[in-house]
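What follows is a short report on a single structure.
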């Protein structure tokens, strides 16, 4: 047998000698251990690199979308429907091109870390299309009524009188409901897509470019706009009905003098009765509020508030019936008393109030108006450092005279009539657009409030926050984010001038709310209200015939806080009878705890009210949430919000406002 093929006997084969521990064996690197994963990573990176090549197309298309969107936004600001419509078309074309390029990188959504950003871009594009859909529906809704709204664009009706135009517009509003529903669906999609994007994934800045703050701000703007539309939707769909189509409506319009502040916004001085027929407003009657009291067929005993803060008054008058800060409650009381007057039309469908701020803002648009032999304007009158129209009203209605005024404040009705004639007697393009936008702002800032007897319309008014309600969980869910008892703190300061002069015209207020979150999650608040009247007193002598505007403010104050709050201490309030120091009292109403007291502020004087109270409200997720409801008619109040001693907010309170810290 050849040697190379010789059989080897395994049993007799010598054993392999053991390794000598003194001999160092060179170890080889375990390439296989990391080689496979590394190869996978390299492969993935290569694939990502190949897939990211289309990103160049995305980057190239994005500027065109941004530019078109900016031009569209500029057209919207100029209220130019034609250019807005063209801009929406251009933006959609460019966004569609961007969508095509972006689809090429959507597969990267499965890649860890990177996928989240790819998804954000996808949601942003979907949100963009939803916004365009909402814009198209809005154009379709607004375009037929362009001239009524004072917008630049074509209209289906441009001839006829102002009344003709309004009536035609109201009739066409019924056709808007489907478009409003289309907008609602698009707005809902927009909000959902934006909610998917988490700004916390992004850095604060990249170089000098702000990233995260801009994302947060953009989300807030979109959320607020969406909320505004959702809240306005019920009112928009009910607008034809409110304006008397198909069935006529009758409303009382009450003028409240906020210079003599009362719980719902001001002392009720005059009223006008309007009948709306298919959008046409017919002024049936206007008169002094005192005329209603003279026509009462029933006496009402004065409630405790009147007996306490208006000494010598033992009956409740219609002019003093707005004692509740909840507008609906006060107007139901007013209507109940109004129904017991002679010579009036009791079949009314609602009550609308407006204050002097609305008057002045209207005159800023219309210009000076002559009524009852006087000139009313928005120009500042140095005699009161107020609008000339305010001085003229006070001079006519409040200055002592040596004869009996039979129509003490009926001048307001004549002024309202003159304003209405001036606004409706010209081309819509001259005033109507500015007036419409002004009214929206006045509603938002609570200078205009409404109560309707129809429950559906009333709910629509409440959803738009024009009903002056003290918010509770059941009634506020559709208004703002606020939910009573759901981790939200609450504050509403309600004041009433029980002295008769117009001191609220001269007084400024600073409200400081310093809240500490306790170890058990409950809250302790130190609330301070500083009053200042820097002007000298007026000549209030009856014999001298002076115009009594600035006099000591006899201020009845109620502070509404979360239910279950406990007052620990209060200083600065006094007895309305003898002026002696008197602590605030505590009661429960309108689903809130109420702290009540009385403060006097003299001309050239200051006053301060302080209180400490605890609230059972607990934070739920490490955030402090606060809703402050502004009193209608109150002067622009400086509000400072502190949390655990640190100032977080310093602002002027113009409307109901939510804060999240």
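Here residue 61 does not fit the description of being touching a strand residue (DSSP E or B) at 6+ places or on another chain (Cβ under 8 Å) and modelled with pLDDT under 80.
Does segment 620-661 hold any residues that are surrounded by fewer than 18 Cβ atoms within 10 Å (Cβ to Cβ), part of a loop (DSSP other than H, G, I, E, B) and in contact with a strand residue (DSSP E or B) (Cβ under 6 Å, 6 or more places away or on another chain), and which are they? Once the filter is applied, which keeps residues that are surrounded by fewer than 18 Cβ atoms within 10 Å (Cβ to Cβ), part of a loop (DSSP other than H, G, I, E, B) and in contact with a strand residue (DSSP E or B) (Cβ under 6 Å, 6 or more places away or on another chain), segment 620-661 yields 623, 636, 644, 661.
Okay, residues lined up against (1) closer than 21 Å to residue 357 by Cβ; (2) modelled with pLDDT under 95; (3) not assigned by TED's automatic domain parsing to the domain that holds residue 389:
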| residue | (1), (2), (3) |
| --- | --- |
| 262 | yes, no, no |
| 287 | no, yes, no |
| 313 | no, yes, no |
| 320 | no, no, no |
| 340 | no, no, no |
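Taking the criterion of being out of contact with any helix residue (DSSP H, G or I) (no Cβ under 7 Å at 6 or more places or on another chain) and either in the same structural domain as residue 309 (by TED's automatic domain parsing) or outside any strand (DSSP E or B) (or both), the residues of segment 488-512 that qualify are 499, 500, 501, 503, 504, 505, 506, 507.
For residue 540, the requirement of being free of Cβ contacts under 8 Å to residues at least 40 places away in the same chain and either in contact with a helix residue (DSSP H, G or I) (Cβ under 6 Å, 6 or more places away or on another chain) or within 27 Å of residue 388 (Cα to Cα) (or both) is met.
Please work out which one of (1) modelled with pLDDT of 90 or more; (2) under 19 Å from residue 560 (Cα atoms) is the condition residue 618 fails and give its number. It is condition (1) that residue 618 fails. Restricting segment 208-224 to residues that are under 13 Å from the mean Cα position of the chain (by Cα) and without any contact (Cβ under 8 Å) to a residue 24 or more places away in the chain, the residue that is nearest to residue 188 (Cα to Cα) is 224.
Can you list the strands (runs of 3 or more DSSP E) found entirely within segment 513-612 that contain at least 1 residues being surrounded by fewer than 18 Cβ atoms within 10 Å (Cβ to Cβ)? It comes to 523-533, 566-571, 585-589, 592-601.
Residue 165 falls short on exactly one of the conditions (1) part of a helix (DSSP H, G or I); (2) modelled with pLDDT of 85 or more; (3) surrounded by 15 or more Cβ atoms within 10 Å (Cβ to Cβ), and that condition is (2). If the condition is being farther than 18 Å from residue 57 by Cβ and without any contact (Cβ under 8 Å) to a residue 40 or more places away in the chain, then segment 94-136 contributes 110, 112, 113, 115, 129.
The values are calculated or read from the model by the stated rules, or taken from the named source; none is laboratory data. As the structure is a computational prediction, the values presented were derived from the model and not from experiment. Positions of Cβ are backbone-derived with ideal geometry, glycine not excepted, and every protein chain shown enters the neighbour counts.
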